[in-house]
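Everything on this sheet refers to the single structure shown next.
The values are calculated or read from the model by the stated rules, or taken from the named source; none is laboratory data. Small disclaimer: the values here were computed from a predicted structure and weren't measured. Quick reminder, even Gly has a Cβ in these numbers, built from the backbone with ideal geometry, and neighbours come from all protein chains shown.
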Amino acid sequence: MLRVRQAQKIEGTICVPGDKSISHRAVMFGALANGTTTIEGFLPGADCLSTISCFRSMGIAIEQQDDKVTVQGKGWYGLQEPSEHLEVGNSGTTIRLMAGIMSTQPFHVVMEGDESIAKRPMRRVIGPLRQMGAKIDGRKDGEFTPLSIRGGDLQAITYQSPVASAQVKSAILLAGLQAKGVTSVTEPHLSRDHTERMLQAFGVQVLRDGLTVSVEGGQELQGRAISVPGDISSAAFLIAAVMVVPGSSLLIENVGINPSRTGIIDVVKAMGGSLELLNERIVNEEPVADLLVTHSELHGIEIAGDLIPRLIDEIPVIAVMASQAKGKTVIRDAEELKVKETDRIATVVSQLSKFGAKVTPTDDGMIIEGQTPLTAATIDSHGDHRIGMAMAIAGLAASGETVVENDEAIDVSFPGFGQLLEKVSK
Ligand code: S3P
């Protein structure tokens, strides 16, 4: 159980753990590359550890000590058929990206995960991979886990994705790397582009044209050193902490500021928050900066359209900030929230309401009426890391002591969250 007391002030200079999306990809691409890949700044959270264990089960030697990882890549076809099911735990990124990779392999695997994974939609990746020629099955005609995959010779496709999802885009592009011809994916809005950037860092040619990304089949990856920046999705909880506790300021060092992820920065600024980017630089094709965040009075705004995929994981904590902002915040076009680790429209509304916040669910988002004084509550993460952390941030602004139940879920993406919060809370 995580206990959080109302804070007088949030202050300090901190780093957040490594980016989850980039950490997964570094291990996957390292395993498929020729030669050694070294990773520093790796996120040793449960999700990325699931990715490591899947590749170990297929005969890849991976050493991991905290945030340092060495992967002995054996080339794209150096994987061995695993003797057991691949367990992905709570990780949607692991199962969906690996569905693409497994579709290229000349053997059979079964992938499964926890209770939450069992409820998440898989046909969005299975459908296009089947079109390419992979033999994939799962419950409800491939909609749900366990997934059984027998890969083999694939044909390139031109795919118009109905959702802006980096997991869908990445699965198809990874399969496309071993398909005959040029595979293209077009999305309705740009989703995070870490796959495209990191494939280029591993020596692959990736073509981008607006919302379309293409790769030609038959390309090889070359192992290399990767430095993973701090995860902006984790930094978002600390940014919000500063915004909900008057008199606060934080310097958050070494945070990834890839434009496909910085919706949170745009929103905080649009709400009237003070946030400066310092020391901007590029590391392994990814932009990075230090963030100087200072408490400011916030006001409500509308969040919709292209912005949504750029902040989809931050919406639970944006709702917390909005409860402390003057006026109304409306979040639209975010129906994807319903298929995350939990239905995040339902869990944000049920948990944030316990503090006395005024949040109303809608079909594609929610409406939050600020500025509401919060009272401490006992909340349940429902096994969703971002719900647990968002509610802990609400606890910093709530009178009394908040208790977060099922807080072990937080380890999925932010090991050490509770200790870091204690360190910066005055
Ligand atoms: C991720 C993509 C996003 C995001 C998830 C990580 C990735 O999911 O919510 O936390 O690493 O590709 P979708 O692709 O389903 O939008």
Yes/no for Lys423 being surrounded by fewer than 21 Cβ atoms within 10 Å (Cβ to Cβ) and either of a type in the set (S, T, N, Q) or under 19 Å from Ile10 (Cβ atoms) (or both) | yes
Kindly list the number of the only condition in (1) within 16 Å of the ligand (Cβ to nearest atom); (2) assigned to a helix (DSSP H, G or I); (3) of a type outside the set (D, E, K, R) that fails for Ala164.
-> (2)
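Let's see how each residue does on (1) among the polar types (S, T, N, Q); (2) closer than 30 Å to Glu253 by Cβ; (3) surrounded by 15 or more Cβ atoms within 10 Å (Cβ to Cβ):
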| site | (1), (2), (3) |
| --- | --- |
| Ser21 | yes, yes, yes |
| Thr51 | yes, yes, yes |
| Val69 | no, yes, yes |
| Leu79 | no, no, yes |
Given (1) crowded, with 19+ Cβ neighbours inside 10 Å; (2) touching a Lys or Arg at 6+ places or on another chain (Cβ under 8 Å); (3) outside the structural domain of Phe355 (by TED's automatic domain parsing); (4) under 16 Å from Pro309 (Cα atoms), number of the condition Val163 does not satisfy | (1)
Pair list, Cβ under 8 Å, 6 or more apart: region 16-40 residue touching a residue at least 24 places away in the same chain (Cβ under 8 Å), other residue away from the ligand (no atom under 16 Å from the Cβ) and of a type in the set (Phe, Trp, Tyr) = Val27/Phe55; Met28/Phe55; Phe29/Phe202; Ala31/Phe55; Leu32/Trp76; Ala33/Phe202
In region 112-148, residue nearest to Ser50 (Cα to Cα) [restricted to those that are of a type in the set (A, V, I, L, M) and under 24 Å from the mean Cα position of the chain (by Cα)] | Ile117
Is it the case that region 202-216 has a residue that's over 21 Å from Tyr77 (Cβ atoms), β-branched (Val, Ile, Thr) and surrounded by 24 or more Cβ atoms within 10 Å (Cβ to Cβ)?
-> yes
State all residues of region 324-342 that are within 16 Å of the ligand (Cβ to nearest atom) and either over 16 Å from Ile308 (Cα atoms) or touching a Phe, Trp or Tyr at 6+ places or on another chain (Cβ under 8 Å) (or both); if no residue qualifies, say none.
-> Glu341, Thr342
Filter result for the condition that a residue is touching a His at 6+ places or on another chain (Cβ under 9 Å), assigned by TED's automatic domain parsing to the domain that holds Gln200 and touching a residue at least 60 places away in the same chain (Cβ under 8 Å), over Ser103, Ser91 | Ser91
Among Gly133, Gly113, the single one that is over 22 Å from Val163 (Cα atoms) and either in contact with a strand residue (DSSP E or B) (Cβ under 7 Å, 6 or more places away or on another chain) or assigned by TED's automatic domain parsing to the domain that holds Ala46 (or both) is Gly113
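Residues checked against (1) within 16 Å of the ligand (Cβ to nearest atom); (2) aliphatic (A, V, I, L, M); (3) modelled with pLDDT of 95 or more; (4) crowded, with 16+ Cβ neighbours inside 10 Å:
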| site | (1), (2), (3), (4) |
| --- | --- |
| Arg3 | no, no, yes, no |
| Thr13 | no, no, yes, no |
| Pro17 | yes, no, yes, yes |
| Arg25 | yes, no, yes, yes |
| Phe29 | yes, no, yes, yes |
| Leu32 | no, yes, yes, yes |
| Gly35 | no, no, yes, no |
| Thr38 | no, no, yes, yes |
| Gly45 | yes, no, yes, yes |
Mind checking which strands (runs of 3 or more DSSP E) fall wholly inside region 1-60 and carry at least 1 residues that are in the same structural domain as Lys74 (by TED's automatic domain parsing) and over 24 Å from Ala394 (Cα atoms)?
-> 34-40
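Kindly state which strands (runs of 3 or more DSSP E) lie completely within region 338-416 and contain at least 1 residues that are among the basic types (Lys, Arg) and on the phi < 0 side of the Ramachandran plot.
358-362
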Screening Asp209, Asp193 for residues that are out of contact with any helix residue (DSSP H, G or I) (no Cβ under 8 Å at 6 or more places or on another chain) and among the acidic types (Asp, Glu) leaves only Asp209
Here is a list of conditions, (1) closer than 24 Å to Val125 by Cβ; (2) in contact with a strand residue (DSSP E or B) (Cβ under 9 Å, 6 or more places away or on another chain), and Val349 meets all of them except one; can you say which number that is?
-> (1)
